[in-house]
Amino acid sequence: MSTDIPRQGRRQKAPVPEGLRKVVVASMAGTVVEWYEFFLYAAASTLVFSRLFFPNANTELDGIIAAFVTYAVGFVARPVGGIVFGHFGDKFGRKKLLQLSIILVGVSTFLMGCLPGFDSIGYWAPAMLVALRFIQGFAVGGEWGGAVLLVAEHSPNKSRGFWSSWPQSAVPMGNLLATGVLFVLSATLSEAAFLGWGWRVAFWLSAVIVLVGYYIRTKVSDAPIFLEAQKEVEQEAKGYGVMEVFRRYPRGVFTAMGLRFAENILYYLVVTFSITYLRIVVDTDTSRILLLLLVAHFIHFCAVPLAGKLSDSLGRRPVYMAGAVLGATWGFFAFPMMDTANDLMILAAVTIGLLFHALMYAGQPSIMAEMFPTRMRYSGVSLGYQVTSIVAGSLAPIIATSLLAEFDSSTPVALYLLGACVITAISVLLLRETNGISLHDVDAADAQGTADLLAASKAAEEKRTAAAAD
């Protein structure tokens, strides 16, 4: 008997499409670089910028809030970048826009490391910091949609959740890298040296890793499904871009925003506000905080692809709902755990928050990619993902720090997170299950004006199976 015939009852592992791993690496390489720089700013807002650029604040918390306001500028810029990059990414391709975004982020971050402080040039220092932050946020806003779609559009239908979650895992990897660099610098330098020039080194390192990420991205190409859609748009003058998305798929855009809301807030409470809480309330030194975050980010990096795989086997909705429900509880037990000042308890609190986050974050690329047809997919996912950042992630550290300063208690912060998770849970209930759907069938349903994309995909799959059997 031929060894090529599979044994009866044994489930065959689906082959990985040729070039998919290269696409994943290219997507991750650039994403690691860009989020390294974005999160470097987040950590520096608490550790450096509040002292260097806002030294006239009445209290330390006031200085941190001022630094977080400039941090929020990047989030305001992200939807602008998402709209612009989404429009041109749907027209010219994902690859070209991804190459542009990585250069913009690299240049703006390098220049941040060159800025003189408030003591040298006065208010010009925070003004230039805000301008560079806007450019950085604009580029990052265009990055995410292109990176995840480059992978999602190359991925098999039945494992899209797993493969497209890898660019998501590049986000904690970028944060891991940023935290690691800051930890080494803060641990090896005196506080005066770290505040004087040490923090700048972390920003200047971006020039090296940007070149590496850019080179890797030159070695991949757009997915065949995008190239097909691009031809159709040109030949048939089909619509694309932001206005077309809102005209045809408003439900998809607003559902995506609702899904993003709690996930975004939870993440920035765990990785940004926790630094403030541990340093101001618990009185933990900087190096110790960064070391604990380093471990938590590594665990998060490993957890995201596992959660993505879970979304392929259990479905998008149940995994996401689990993340929203569990995330609602985090603030009520995490801050008391931090109050113990015990390293293991602090690490557990942060890690648990990131594990809850992974259940929501891992499935976002596949869920959002499956909501929109190829001709407007970049615009659709960028809108749903980036616009929410203005009222979610950008404000989360500011709101949490203000609540802490006003009430001198973590309970209002926990209630704030709970409310966000309720909004996201409602969005999950309104979400259509799209696990296993074919992106070709999404395009076909769009052409026919079919509302139930999953039903259309299943019907098309049945026809293909019947044709193959005949």
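Where a number appears in this text, it was derived from the coordinates with a stated rule and is not lab data. What you see is a predicted model; the values in this text were computed from it and never measured. Here Cβ is always computed from backbone atoms with ideal geometry, including for glycine, and neighbour counts include all displayed protein chains.
Going by average Cβ density within 10 Å per residue, which order do the peptides 391-401, 336-346 take, highest to lowest? List each step's numbers first, then the result.
Working: 391-401: 22.5, 336-346: 15.3.
Listed from highest to lowest mean packing, they are 391-401, 336-346.
Residues of the range 354-382 with an amide N closer than 13 Å to a point placed 7 Å from the Cα of MET243 along the Cα-to-Cβ direction: none. The modelled label-to-label distance for the pair MET337/CYS302, using points 7 Å beyond Cα in the direction of Cβ, is 1.6 nm.
Using a Förster radius of 45 Å, what is the FRET efficiency between PHE407 and CYS114 based on their Cβ-Cβ separation? Nearest 0.05, please. Calculated transfer efficiency: 0.70.
For LEU429 and VAL325, the difference between the fully extended length at 0.36 nm per residue and the C-alpha to C-alpha distance is 36.2 nm. Between LEU211 and GLU228, the modelled label-to-label distance comes to 4.1 nm, taking each label 7 Å out from Cα in the direction of the beta carbon. Ordering ALA139, VAL105, TYR249 by Cα displacement along the dipole of the range 21-448 toward the positive end leaves TYR249 in first place; charges were set at the Cβ atoms of Lys, Arg (+1) and Asp, Glu (-1).
So for THR179, THR272, THR188, fewest C-beta neighbours within 10 Å to most, what's the order? Write down the numbers at each step before the final one.
Values: THR179 28, THR272 23, THR188 11.
Going from sparsest to densest Cβ surroundings: THR188, THR272, THR179.
For the range 348-376, there are no residues whose amide N sits under 14 Å from a probe point set 7 Å from the Cα of VAL391 along the beta carbon direction.
Put a plus charge on the Cβ of each Lys and Arg, a minus charge on the Cβ of each Asp and Glu, and nothing anywhere else: the dipole of the range 21-448 about its Cα centre is then about 1020 debye.
Could you sort out which of LYS95/LYS231; LYS95/LYS219; LYS231/LYS309; LYS22/LYS158 sit more than 21 Å apart by Cα distance in this structure? Don't skip to the answer; put the middle values down first.
Details: LYS95/LYS231 16 Å; LYS95/LYS219 10 Å; LYS231/LYS309 33 Å; LYS22/LYS158 19 Å.
Beyond 21 Å: LYS231/LYS309.
Karplus-derived 3J(HN,Hα) values for the range 290-298, using 6.51 cos²θ - 1.76 cosθ + 1.60 with θ = phi - 60°, are 5, 5, 5, 5, 4, 5, 5, 5, 5 Hz; glycine and proline are entered as x.
Applying 1/(1 + (r/R0)^6) with R0 = 25 Å to the Cβ-Cβ distance of ILE121 and TRP197, what FRET efficiency is obtained, to the nearest 0.05? Before the final figure, lay out the partial values.
On the way: r = 17 Å, r/R0 = 0.67.
Efficiency, rounded to the nearest 0.05: 0.90.
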